[in-house]
Structure formats: structure tokens, C-alpha cells
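Written out below as C-alpha cells is the structure these notes cover.
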Amino acid sequence: MPVVDEAQRHLQGGRRELGLKSLRAGLRWKSWHPLLESQLRTQIGALLYDSGDLDGALVELKHASKRPWESRAFLACAHFKKHNENEMKRAFEDAVKVGEKDGLAWSMYAWCLVACGKKAEATEVLERASKKLPKDERIQNNLELVKEGKKLKVAPYGDRWARFGLEGGAPGLPKAARGFAQRPGFRQRPQKR
């Protein structure tokens, strides 16, 4: 769709506001394309969440599509940051229902419950996850860590985990801004030392 392509070009150029504006302009086509509105609201909500506008993200993500589990996870993380535990649990339950085969959804749910001080509920969530994903070692390791009262290991999820910005760093930052070393390209001249 041209609206999404235009928004993508703006976002790749670092013009987030123009990207949001073009996505919102695409909402006028919602009566001609039945599923378009919920998909655009998912993208708008994720962008608002990345920029730190939790109130705007909550409004958009409540009307977003429930099919990609990430939209429900963004909604749950926004509720987590606003300290709305009941709404957070409800949104995470929707997320793990749709994304039951993705260990990140389960681990994120458990991580938020541990951060809220509900280790018993986090253990139950990870036990449910281990029944759904018996071969996922990350879920098994996190289940053992929660039972021992230690922090969950979410680093194996990499950038997918960092996208949600739960551990302090701003979501959506490139690796270089988060402290990862950039590898020089092969066409760059070697630097004099």
C-alpha cells in the first residue's frame, strides 16, 4: 500500500512525525479496506510507544489488531509502565494466546510479573509456556531461574526483546546507540593509529 511505503521511507530517513502523519492519513481508507484500520493502528501504536508517548500508544493499541501478538504485547508493556497490573495481565493473556509458539511472548509476560513482585504467577506462566514449547531451552532456563528467585535471562532474545524497552534503554534504538560496537564496512579506509 502506498501509504505504508511512504511511512516506511519517512521512518528510514529518521522522520518519525512524518511517518506517523502518513500512517494516520491512511486511516481515511478504512471503509474501503476492512482490515486496514486495525493494522495501521498497530503500527501507529508501536511508533508512539517507541517515542515514549504511552497515553497515545494506549489509545491506538486498544483499537489495534489482535492477530500479531506484538500489538498486544506493546499494549501490555504500556500498561506495565503505567502500573496497571490487571490490564497488563489481560493484554498479555491475549498476546500469549495468539503467540503461543513464540517464547518471547511468554518470557516477557513472566518478566513483567517478576518485576511486579508476583513470582508465583510468573512461575505458573512459564510452566504453561514449557507445556506449549517443550523444546525451548530459554523458557526452561527462565523457569528454573524464577523458581530459584533469580533474574530472568532475556538477553538471548536480542533486538526483539530490546524493541519493547523494558530494561531501561529506550526502545527502537540502533545497536550502536545501545553500546554495541559497530564493525567497519569493507569499503572504509583503515584508520591511522
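The values are calculated or read from the model by the stated rules, or taken from the named source; none is laboratory data. Here the structure is a predicted model, which means the values were calculated and not measured. Quick reminder, even Gly has a Cβ in these numbers, built from the backbone with ideal geometry, and neighbours come from all protein chains shown.
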Name every residue in the range 24-39 that is in a loop (DSSP other than H, G, I, E, B), surrounded by 14 or more Cβ atoms within 10 Å (Cβ to Cβ) and touching a residue at least 24 places away in the same chain (Cβ under 8 Å), in order of residue number.
-> none
Restricting attention to the range 99-132, which residues are of a type in the set (A, V, I, L, M) and either surrounded by fewer than 19 Cβ atoms within 10 Å (Cβ to Cβ) or not assigned by TED's automatic domain parsing to the domain that holds E148 (or both)?
-> A115, A120
Look at the range 40-65 and say how many of its residues are in contact with a helix residue (DSSP H, G or I) (Cβ under 7 Å, 6 or more places away or on another chain) and not in a helix (DSSP H, G or I).
-> 3
Within the range 66-175, which helices (runs of 4 or more DSSP H) (wholly inside it) include 3 or more residues that are touching a helix residue (DSSP H, G or I) at 6+ places or on another chain (Cβ under 6 Å) and among the aliphatic types (A, V, I, L, M)?
-> 69-81, 85-98, 103-115, 119-132, 137-148
Verdict on A46 being over 20 Å from L166 (Cα atoms) and within 17 Å of the chain's Cα centre (by Cα) = no
Please indicate, with yes or no, whether at least one residue in the range 89-98 is out of contact with any strand residue (DSSP E or B) (no Cβ under 9 Å at 6 or more places or on another chain), within 24 Å of G19 (Cα to Cα) and either touching a residue at least 40 places away in the same chain (Cβ under 8 Å) or not assigned by TED's automatic domain parsing to the domain that holds V4 (or both).
-> no
